[in-house]
Amino acid sequence: MERLASCSCGQLTATVNADPVRVSICHCLACQRRSGSVFAAQARFPEESVVIEGQSTSFVRVGGSGARATFHFCATCGTTVWYKAEGLEGFITIPVGTFADPAFPAPNVSVYEERMHAWVVPPPDAEHYF
C-alpha cells in the first residue's frame, strides 16, 4: 500500500510503500511543543520504503536520554514531515497527521504517560510506558 505524507503547502512530501513497523503516541513536553498538541503521533517505517521529495530545513533536538533526533520541516509552511533518531538507524519516522488519513492504523505504543493530559485516553490495547 502506498501512503503519501505532506506538509500543509505540499512542497515537502514522503511517499511510503510499506506498513508502519510501529505507531506511537508520545506525551513528553517536547513532543507537545513540537506538535502543538497534547501529544505527538508518529509512525516508523524502514528507510528503504520511504521516498522524500522537496526541500526541508532541519532542527536537531537532544532527548532526555542524550540521543539526538533530526526533524525535517518545510521552510515555507513549517510542517514537520519526517525525522530520524539516533539509535533507530535504518528507520524514518513520520508524524501521523501528515498522512491526513482517518483510516491510518491506531497507535500500538504510548510513552511518557506521566505527562499525559488527564482527559487523554490512549488505546487500551497499546503498550503503556510511564
Exercise. Name the pairs whose Cβ atoms lie under 6 Å apart, with the first residue in segment 88-102 and on the phi > 0 side of the Ramachandran plot, the second in a helix (DSSP H, G or I), and 6 or more positions between them or separate chains?
Worked result: Gly90/Glu47
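Across segment 113-130, which residue is modelled with the lowest pLDDT among those that are among the acidic types (Asp, Glu) and in contact with a strand residue (DSSP E or B) (Cβ under 9 Å, 6 or more places away or on another chain)? Before you say what the answer is, go through the steps one by one.
First, pick out the residues of segment 113-130 that are among the acidic types (Asp, Glu): 113-114, 125, 127.
Adding the requirement that they be in contact with a strand residue (DSSP E or B) (Cβ under 9 Å, 6 or more places away or on another chain) leaves 113, 127.
On the way: Glu113: 92, Glu127: 82.
Restricting to residues being among the acidic types (Asp, Glu) and in contact with a strand residue (DSSP E or B) (Cβ under 9 Å, 6 or more places away or on another chain), the top hit is Glu127.
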Exercise. Just wondering, is there one or more residues in segment 75-92 that are farther than 17 Å from Ala5 by Cα, surrounded by fewer than 14 Cβ atoms within 10 Å (Cβ to Cβ) and in contact with a Gly (Cβ under 6 Å, 6 or more places away or on another chain)?
Worked result: no
Problem set entry | Residue list for segment 86-125, filter: touching a Cys at 6+ places or on another chain (Cβ under 7 Å) and of a type outside the set (Val, Ile, Thr) | Tyr112, Arg115
Exercise. Of Pro122, Pro107, Pro102, Pro95, which residue is crowded, with 19+ Cβ neighbours inside 10 Å and either of a type in the set (D, E, K, R) or more than 14 Å from the chain's Cα centre (by Cα) (or both)?
Worked result: Pro122
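The values are calculated or read from the model by the stated rules, or taken from the named source; none is laboratory data. These numbers were taken from a predicted model, which means no experiment stands behind them. So basically every Cβ, Gly included, is an ideal-geometry build from the backbone, and we count neighbours across all protein chains shown.
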